[in-house]
Amino acid sequence: MSYQVIARKWRPQAFDEVTGQEPITQTLRNAIEHSRLHHAYLFSGARGVGKTTTARLLAKALNCHKTDKPNIHPCRTDDPDQCPSCREIAESRSMDVLEIDAASHTGIDAVRDTIIEGININPVRDRYKVFIIDEVHQLSKPAFNALLKTLEEPPPNVMFVMATTELHKVPDTILSRCQQFEFRTIPLPKIFDRLKVIAETEKIDITDVALREIARSGEGSMRDAQSNFDQVISFSDDKIDVADVTTALGIASTDMLVRVVRAISAREPKAALDVVEELIARGHDLRNYSRDLLGLIRDLLVFKIAGGAGGLTEGSILTADEMKGLAELFSEADLIRFFNSLAETETKLKDATQPRFTLEIGLVKLVEMGRVASVENLLERLSRLASGMPDTAPKSDAAAAASEKKTLISDEPPETPVLEPEFPPEPDDLPWETASDVPVDVEPDEIAPTAPLGVDLSFLDTMPVKLPPMDPEELEHVDDTWLDSAYENKLLLTGDDLLPIANAAEAVRIALPSPTTGGNGAGRSRNGAAAAIAAEFINRVPEPEVISSEVPVLPENATDAQLREYAEKHPTIRKALKIFRGKIVEIHKT
């Protein structure tokens with residue numbers, strides 16, 4: 001006997017075996033048992049979820065010969081004493097159950113010849129004449145119109161069962177004449193359980209992780225998952241592992257998806273790029289990987305909001321504990337930003353000439369999004385600056401959530417570390433072995449004023465020269481409240497403290513004595529270093545330029561050149577240019 005694929009060999013033989021469609025099968029069984037059958041049913045849903053299988057089971061239940069009336073437990077194909085009607089329906093050769101492929105019989109002639117002209121002929125042997133019309137949305141508009149009257153008032157022993165994957169293409173006039181059943185995609189755990197039964201019965205040695213990957217590859221379709229199972233069996237040897245599944249099907253493993261999520265959390269773009277390199281090496285489809293990653297981010301967002309309630313994440317590739325651990329790394333706003341950015345990348349991959357580059361840039365963009373501050377934090381910072389309060393760098397949403405969580409868990413206040421400034425090592429040429437050996441009566445200038453305690457004073461050369469003194473009377477000032485307020489706010493926003501010495505903080509850091517030392521010993525040594533640095537600074541910084549107070553004489557009919565020369569030599573203007581680092585732009589004679 002020739003080999004029969006798993007999808008056909010393991011086609012459900014009873015209503016109880018139709019996985020994931022329990023409400024529909026329960027309704028049909030009750031209708032059969034209580035003789036409340038409708039004359040037209042419309043099954044809609046995704047591919048491979050059991051529409052055609054349920055239609056055949058309904059036809060077998062109506063015409064099974066084991067009972068005198070419709071039987072909710074029709075014969076199985078492996079029953080040695082199955083009735084002829086059930087056997088012929090299972091083999092698609094029954095004269096009273098006609099399966100019509102609307103994709104290849106779309107015209108009105110096919111509907112007229114197959115259905116309308118033979119509908120008034122009684123069943124040859126069975127109780128009901130059943131018309132199963134697959135992909136009914138493919139029928140043309142004239143064909144639908146020809147079917148309307150027959151579908152509304154068929155003979156009592158005739159039943160229509162129609163199936164479609166695109167319900168929106170079926171006319172409303174057809175929908176109103178049928179009982180509609182919407183078949184849902186099958187949850188991943190139920191596909192996994194079904195595949196596990198098949199593996200145990202067929203004695204296939206496969207790990208649970210590999211089976212879960214095969215179930216995930218079906219994307220809610222039992223038939224697709226079973227076909228992929230067949231493909232993996234043909235590829236692998238005796239033992240089937242997750243590596244065999246990912247290689248045979250060309251899909252990314254769950255581990256590769258989780259690695260990218262953790263790389264985003266840890267802000268490690270190289271880890272994300274390593275995943276792309278591995279995808280390219282294995283020949284995976286990058287767009288499919290993006291879709292899988294989109295699904296994982298969606299699951300994390302839904303789990304963070306709903307906590308796994310209501311079955312919203314029952315199709316996730318991760319367990320509840322795994323999703324909980326990953327979801328805690330991000331806030332809802334983070335996950336929404338990740339999803340939108342990745343969706344844009346997935347769209348670009350469709351027409352990208354270099355898919356690898358597009359995906360790499362997209363993943364690095366996700367990693368860098370962790371550094372982006374939210375609008376709320378930015379507004380809060382601006383508000384603090386406008387009110388004159390010190391600016392504090394806001395935490396990221398994830399860090400704030402983690403900090404809040406720690407506060408809730410622990411009742412003890414965190415220890416505040418004592419920060420001590422770092423000092424350079426003591427030079428070897430000092431007359432004392434350690435800083436504590438420095439005598440109390442040693443003067444500061446005795447401690448190597450050019451290089452105290454081995455400190456590099458080259459930064460003093462970058463400091464500006466001293467500024468010339470300038471009296472307030474030399475400047476003309478006009479009171480303007482709005483201008484003064486705007487000037488102060490500008491200083492707050494830019495962080496300008498108006499210090500004329502750019503490296504003052506460096507000098508303070510080196511000269512500052514340790515807070516842990518006392519007044520003698522090392523503390524006195526640091527004080528000596530501070531004095532030496534101050535002396536060296538005074539020696540190196542030249543005195544300000546002496547500006548003559550003599551005001552030059554301006555001719556009566558001065559030219560532009562004479563006006564500029566007058567301004568450049570005027571003592572007040574020279575002082576102002578020196579202090580404010582300005583330059584003369586325009587001169588007007590009043």
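Residue count for region 1-55, restricted to those that are touching a helix residue (DSSP H, G or I) at 6+ places or on another chain (Cβ under 6 Å), touching a residue at least 60 places away in the same chain (Cβ under 8 Å), buried (at least 21 other Cβ atoms within 10 Å of the Cβ) and part of a loop (DSSP other than H, G, I, E, B): 1.
Yes/no per residue for (1) closer than 29 Å to residue 165 by Cα; (2) not assigned by TED's automatic domain parsing to the domain that holds residue 353:
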site: 208; (1), (2): no, yes
site: 211; (1), (2): yes, yes
site: 215; (1), (2): yes, yes
site: 225; (1), (2): yes, yes
site: 240; (1), (2): no, yes
site: 262; (1), (2): no, no
site: 268; (1), (2): no, no
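Of the numbered conditions (1) surrounded by 19 or more Cβ atoms within 10 Å (Cβ to Cβ); (2) of a type outside the set (Gly, Ala, Ser); (3) under 41 Å from the mean Cα position of the chain (by Cα), residue 64 satisfies every one except a single condition; which is it? That leaves (3) as the condition not met. Could you tell me whether residue 173 is hydroxyl-bearing (Ser, Thr, Tyr), touching a strand residue (DSSP E or B) at 6+ places or on another chain (Cβ under 8 Å) and farther than 21 Å from residue 97 by Cα? For residue 173, the condition - hydroxyl-bearing (Ser, Thr, Tyr), touching a strand residue (DSSP E or B) at 6+ places or on another chain (Cβ under 8 Å) and farther than 21 Å from residue 97 by Cα - is not met.
Among the residues of region 121-141, is any on the phi < 0 side of the Ramachandran plot, of a type in the set (Asp, Glu) and out of contact with any strand residue (DSSP E or B) (no Cβ under 8 Å at 6 or more places or on another chain)? Walk me through it before giving the result.
Looking only at region 121-141, we keep the residues that are on the phi < 0 side of the Ramachandran plot, and these are 121-134, 136-141.
Restricting the remaining residues to those that are of a type in the set (Asp, Glu) gives 126, 134.
Then drop every residue that is not out of contact with any strand residue (DSSP E or B) (no Cβ under 8 Å at 6 or more places or on another chain), which leaves none.
So far as region 121-141 goes, no, none of its residues is on the phi < 0 side of the Ramachandran plot, of a type in the set (Asp, Glu) and out of contact with any strand residue (DSSP E or B) (no Cβ under 8 Å at 6 or more places or on another chain).
Kindly establish whether residue 359 is in a helix (DSSP H, G or I), within 14 Å of the chain's Cα centre (by Cα) and under 30 Å from residue 190 (Cβ atoms). Let's see the steps before the verdict.
On the way: in a helix (DSSP H, G or I): yes; within 14 Å of the chain's Cα centre (by Cα): yes; under 30 Å from residue 190 (Cβ atoms): no.
Answer is no for this residue.
Considering only region 31-47, state which residues are on the phi > 0 side of the Ramachandran plot and in contact with a strand residue (DSSP E or B) (Cβ under 6 Å, 6 or more places away or on another chain).
45
Might you let me know whether region 163-170 holds any residue that is closer than 18 Å to residue 42 by Cβ, over 50 Å from the mean Cα position of the chain (by Cα) and either in the same structural domain as residue 53 (by TED's automatic domain parsing) or touching a residue at least 12 places away in the same chain (Cβ under 8 Å) (or both)? No, region 163-170 contains no residue that is closer than 18 Å to residue 42 by Cβ, over 50 Å from the mean Cα position of the chain (by Cα) and either in the same structural domain as residue 53 (by TED's automatic domain parsing) or touching a residue at least 12 places away in the same chain (Cβ under 8 Å) (or both). For the condition surrounded by 16 or more Cβ atoms within 10 Å (Cβ to Cβ), outside any strand (DSSP E or B) and hydrophobic (A, V, I, L, M, F, W, C), residue 174 qualifies. The number of residues in region 96-113 that are modelled with pLDDT under 90, under 23 Å from residue 53 (Cα atoms) and either in contact with a Leu (Cβ under 7 Å, 6 or more places away or on another chain) or exposed (fewer than 13 other Cβ atoms within 10 Å of the Cβ) (or both) comes to 4.
Among the residues of region 231-277, the ones that are more than 22 Å from residue 295 (Cβ to Cβ) and surrounded by 19 or more Cβ atoms within 10 Å (Cβ to Cβ) come to 3 in all.
Has region 90-106 got at least one residue that is part of a loop (DSSP other than H, G, I, E, B), more than 17 Å from residue 42 (Cα to Cα) and among the β-branched types (Val, Ile, Thr)? First the steps, then the outcome.
Let us first name the residues in region 90-106 that are part of a loop (DSSP other than H, G, I, E, B), namely 91-96, 102-106.
Of the ones still in play, those that are also more than 17 Å from residue 42 (Cα to Cα) are 91-96, 104-106.
Add one more test, that the residue is among the β-branched types (Val, Ile, Thr), and what stays is 106.
Yes, because at least one residue in region 90-106 is part of a loop (DSSP other than H, G, I, E, B), more than 17 Å from residue 42 (Cα to Cα) and among the β-branched types (Val, Ile, Thr).
Within the option set 59, 90, being over 43 Å from the mean Cα position of the chain (by Cα), assigned by TED's automatic domain parsing to the domain that holds residue 152, crowded, with 22+ Cβ neighbours inside 10 Å and not charged (D, E, K, R) holds for one residue only, 59. The condition of being at pLDDT 90 or above and of a type in the set (Ser, Thr, Tyr) holds for only one of 85, 92, that being 85. Considering region 247-334, the qualifying helices (runs of 4 or more DSSP H), each wholly inside and each with 2 or more residues that are touching a Gly at 6+ places or on another chain (Cβ under 9 Å) and touching a residue at least 12 places away in the same chain (Cβ under 8 Å), run over 254-266, 286-306, 320-327.
In the condition set (1) of a type in the set (A, V, I, L, M); (2) loosely packed, with under 14 Cβ neighbours inside 10 Å; (3) farther than 30 Å from residue 250 by Cα, residue 197 is compliant with all but (3).
For region 309-333, give me each residue that is buried (at least 18 other Cβ atoms within 10 Å of the Cβ) and in contact with a helix residue (DSSP H, G or I) (Cβ under 6 Å, 6 or more places away or on another chain). Walk me through how you get there before you give the answer.
Looking only at region 309-333, we keep the residues that are buried (at least 18 other Cβ atoms within 10 Å of the Cβ), and these are 313, 315-318, 323, 326-327, 329-331.
Residues satisfying the conditions are 313, 315, 316, 317, 323, 326, 327, 329, 330, 331.
Take the residues in region 335-351 that are touching a residue at least 60 places away in the same chain (Cβ under 8 Å) and more than 13 Å from the chain's Cα centre (by Cα); name whichever of them is surrounded by the fewest Cβ atoms within 10 Å (Cβ to Cβ). My answer is 350.
The values are calculated or read from the model by the stated rules, or taken from the named source; none is laboratory data. Keep in mind it's a predicted model, so treat the numbers as computed, not measured. Positions of Cβ are generated from backbone atoms using ideal geometry, with glycine treated the same way; all protein chains shown enter the neighbour counts.
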